[in-house]
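Everything on this sheet refers to the single structure shown next.
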Amino acid sequence: PTQFAYIAPPFSGRITKSFVQLGQHVKSNTPLFEISSPEYTAAQKDFFQARSSKERARKELTRKEDLRANGVGPGGEYEEELNVLQLADKEYENAYAALRIYQVDPMDMTLGHALLVRSPLAGKVIANSIVRGQYTRDDAEPIATIADLSKVWVTAQVKEKDIRFIQVGSDVEISLSAFPDRVIKGEVFHIEESVDESTRSIRVLALCDNKDELLKIGMFTTVHLFDKAVARVHIPEKALLQQEQYSYVYVETSANTYVRRAVIVETLQNEQAVIREGLVAGERIITEGAFYLK
């Protein structure tokens with residue numbers, strides 16, 4: 001979101017110039033278009049009037065201060081002019097801030113000139129409907145979109161049962177049907193806190209490099225999520241025995257002496273059991289025929 005900007009007209013007016021084309025790369029503060037509007041002209045007038053009023057109030061206060069220093073004139077007039085200056089200062093600050101919203105330097109502005117709208121960020125013009133001479137309203141749809149797509153988010157839908165394997169910072173590989181020989185690398189940026197009730201999955205956002213611009217907005221991808229590597233004990237699947245709600249193995253404690261020990265199995269694959277808890281590397285177990293010891 002911080003690298004994506006919709007450019008909408010700041011007020012109703014007519015576009016007098018256009019400076020960009022679709023697909024063009026722009027820098028931050030690059031001119032996009034000029035728009036002429038009575039609203040902008042009114043804001044300019046407000047600023048110049050506020051600045052003039054502030055200068056008049058300052059001069060009048062200086063005059064009253066000189067009179068009071070020389071014992072001429074009542075002190076109440078000085079206090080009154082001080083209040084006038086403070087109000088004028090506030091009006092000037094408001095008028096100045098109103099123009100700065102449009103990225104305008106009020107001190108380098110000419111009354112009646114059109115407003116130059118600039119890009120708020122560096123990126124690429126990915127949508128452009130700026131037409132010179134068109135009249136736009138202040139509530140109109142955006143007429144340009146600027147985006148820096150050098151890094152993008154890819155959304156993966158992860159099933160509830162698998163979310164425990166995913167952590168922020170985990171590695172991600174993205175494959176595209178459009179470029180089957182290319183792999184885009186990234187890492188998990190955010191895991192959402194809620195489950196999509198329609199798919200019973202959780203959205204995982206992966207931050208990926210996209211300097212070659214292979215990833216397009218809205219594109220479908222295949223996301224490969226990798227759990228961080230951890231040490232696990234692997235044993236033959238046939239070494240496992242089942243007792244009601246848990247699995248166990250027989251561990252050798254001394255010559256011809258074995259004890260039953262419960263284990264937690266993380267997964268079964270290729271006739272191997274991956275043990276999460278219950279065994280440590282180097283322990284000897286019965287791998288075949290253990291059921292005879294029951």
Among (1) of a type outside the set (D, E, K, R); (2) modelled with pLDDT of 90 or more; (3) open to solvent by 80 Å² or more (accessible area, probe 1.4 Å), which single condition is VAL259 missing? (3)
Matching residues, the range 204-241, being open to solvent by less than 70 Å² (accessible area, probe 1.4 Å) and touching a residue at least 60 places away in the same chain (Cβ under 8 Å): ASN210, GLU213, LEU215, THR221, VAL223, LEU225
Restricting attention to the range 242-253, which residues are at pLDDT 90 or above and either under 48 Å from the mean Cα position of the chain (by Cα) or open to solvent by less than 60 Å² (accessible area, probe 1.4 Å) (or both)? SER247, TYR248, VAL249, TYR250, VAL251, GLU252
Filtered residues of the range 263-286 (kept if under 14 Å from TYR246 (Cα atoms) and open to solvent by 90 Å² or more (accessible area, probe 1.4 Å)): ARG276, GLU277
List pairs: first residue in the range 182-203 and surrounded by 13 or more Cβ atoms within 10 Å (Cβ to Cβ), second residue of a type in the set (Val, Ile, Thr) and in a loop (DSSP other than H, G, I, E, B) anywhere in the structure, Cβ distance under 6 angstrom, at least six positions apart or on different chains. VAL188/VAL168; ILE202/VAL195
All conditions in (1) free of Cβ contacts under 8 Å to residues at least 40 places away in the same chain; (2) open to solvent by 50 Å² or more (accessible area, probe 1.4 Å); (3) of a type outside the set (S, T, N, Q) are true of GLU81 except (2)
Give the residues of the range 219-240 that are farther than 18 Å from LYS159 by Cβ and at pLDDT 90 or above, sorted by residue number. MET219, VAL233, HIS234, ILE235, PRO236, GLU237, LYS238, ALA239, LEU240
Please go through (1) in contact with a strand residue (DSSP E or B) (Cβ under 7 Å, 6 or more places away or on another chain); (2) loosely packed, with under 15 Cβ neighbours inside 10 Å; (3) within 24 Å of GLU93 (Cα to Cα) for PRO31 and return the number of the only condition it doesn't satisfy. (3)
Can you tell me which residue is nearest to LEU32 (Cα to Cα) among those in the range 53-110 that are among the hydroxyl-bearing types (Ser, Thr, Tyr) and at pLDDT below 85? TYR102
Does VAL280 satisfy being of a type in the set (A, V, I, L, M), closer than 27 Å to PHE165 by Cα and at pLDDT 90 or above? yes
I'm checking my understanding of the structure. Among residues of the range 139-154 that are out of contact with any Phe, Trp or Tyr (no Cβ under 8 Å at 6 or more places or on another chain) and open to solvent by 60 Å² or more (accessible area, probe 1.4 Å), which one is modelled with the highest pLDDT? LYS151
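Matching residues to (1) open to solvent by less than 70 Å² (accessible area, probe 1.4 Å); (2) within 35 Å of the chain's Cα centre (by Cα); (3) closer than 30 Å to LYS124 by Cα; (4) in contact (Cβ under 8 Å) with a residue 24 or more places away in the chain:
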{"site": "GLN21", "(1), (2), (3), (4)": "no, yes, yes, yes"}
{"site": "VAL26", "(1), (2), (3), (4)": "yes, yes, yes, yes"}
{"site": "GLU39", "(1), (2), (3), (4)": "no, yes, yes, yes"}
{"site": "ALA69", "(1), (2), (3), (4)": "no, no, no, no"}
{"site": "GLU93", "(1), (2), (3), (4)": "no, yes, no, no"}
The listed residue being in a strand (DSSP E or B) and within 30 Å of ASP148 (Cα to Cα), out of VAL263, VAL188: VAL188
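The values are calculated or read from the model by the stated rules, or taken from the named source; none is laboratory data. Values in this document were obtained by computation on a predicted structure and should not be read as measured data. All Cβ positions, even for glycine, are placed from backbone atoms using ideal geometry, and neighbour counts span all protein chains on display. Surface accessibility is based on the protein's heavy atoms, side chains included, excluding ligands, DNA and RNA. Shrake-Rupley method; radii C 1.70, N 1.55, O 1.52, S 1.80 Å.
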